[in-house]
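Heads up, the thing below is written out as structure tokens.
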Amino acid sequence: MNAMADRYAESGLGSIFLYTHEAHPGENKPHLTSMEQKMAHARALRDELGVTRPILVDALDGACHRAYGSMPNMTWIFARSGVPIYKSDWTDSHSVENAISYFLEVLKRRRQRERLVPFRVERLDYRTSDSEAFYKGLERNGPKAVREFMAAGV
């Protein structure tokens with residue numbers, strides 16, 4: 001996502017990362033009990049994952065996360081007017097890039113004075129499931145996170 005944000009920055013697109021909480025807390029990244037702890041977790045995530053985009057940190061009670069759907073890895077794209085034009089319950093760079101490319105083309109067509117009217121689409125996308133990377137992420141949080149996830153049988 002960092003590389004994509006860099007590629008499209010010159011097109012006037014902004015990209016942020018909203019840190020909400022650890023979906024699977026453990027000994028190394030326990031359940032959040034203070035904003036100081038939450039800020040430390042966000043900084044650690046930035047450093048561990050190499051996030052170069054600005055990171056915003058949600059309120060301790062997760063108000064922003066709940067307002068935007070509560071899923072663990074969502075992506076939203078908003079028009080400059082604030083209207084949501086893309087919403088995905090899971091971040092997949094291919095899907096996001098497809099949407100960005102499409103909306104940049106729409107913008108170009110509008111600038112050429114083509115009369116366009118919006119309509120809604122619902123589409124099922126597919127993403128690669130990288131279990132090894134997922135479990136490495138759980139392990140960063142601690143053995144408790146791994147045990148609880150495995151016990152849930154997901």
Q: Please report how far the C-alpha centroid of the range 64-133 lies from that of the range 1-29, rounded to the nearest whole angstrom.
A: 15
Q. How far apart, in nm, are the 7 Å Cα→Cβ label points at Ala133 and Ala3?
A. 1.1
Q: Determine which residues of the range 1-28 fall in the zone a paramagnetic label at Glu48 would reach in this model, i.e. backbone nitrogen under 18 Å from the point 7 Å along Cα→Cβ.
A: 1-2, 17-28
Q.
Cα atoms only: what Rg and Dmax, in Å, come out for the range 3-47?
A. 14.1, 42
Q. So how long is each side of the range 1-92 along the principal axes, counting just the alpha-carbon atoms, biggest first, in Å?
A. 41, 26, 21
**Q.** the range 68-110 pair-distance distribution - Cα-Cα, 10 Å bins, rounded %
**A.** 27, 53, 18, 2
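Per DSSP H run of n ≥ 4, the term is -39500 (n - 2.57); total these for the chain, divide by its residue number, and report the mean residue ellipticity at 222 nm rounded to 500 deg cm²/dmol.
After summing the helix terms and dividing by residue count, I get -13500 deg cm²/dmol.
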Q: Counting only C-alpha contacts under 8 Å and six or more residues apart, can you give the relative contact order of the chain as a whole percent?
A: 28
Q. Kirkwood Rh, the chain, all Cα pairs: how many Å?
A. 17.6
Q: Please work out how many pairs of lysine residues in the range 2-152 are eight or more positions apart (or on different chains) and have Cα atoms closer than 24 angstrom.
A: 7
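Evaluate Rg over Rh across the range 44-131, taking Cα atoms for both radii and Kirkwood's formula for Rh. Display every interim value, and only then the final one.
Numbers: Rg = 15.8 Å, Rh = 15.6 Å.
Taking Rg over the Kirkwood Rh, I get 1.01.
Values quoted throughout were computed directly from the atomic coordinates according to the rules given, and no laboratory measurement underlies them. Keep in mind it's a predicted model, so treat the numbers as computed, not measured. Every residue, glycine as well, gets a Cβ built from its backbone with ideal geometry; the counts of neighbours run over all protein chains shown.
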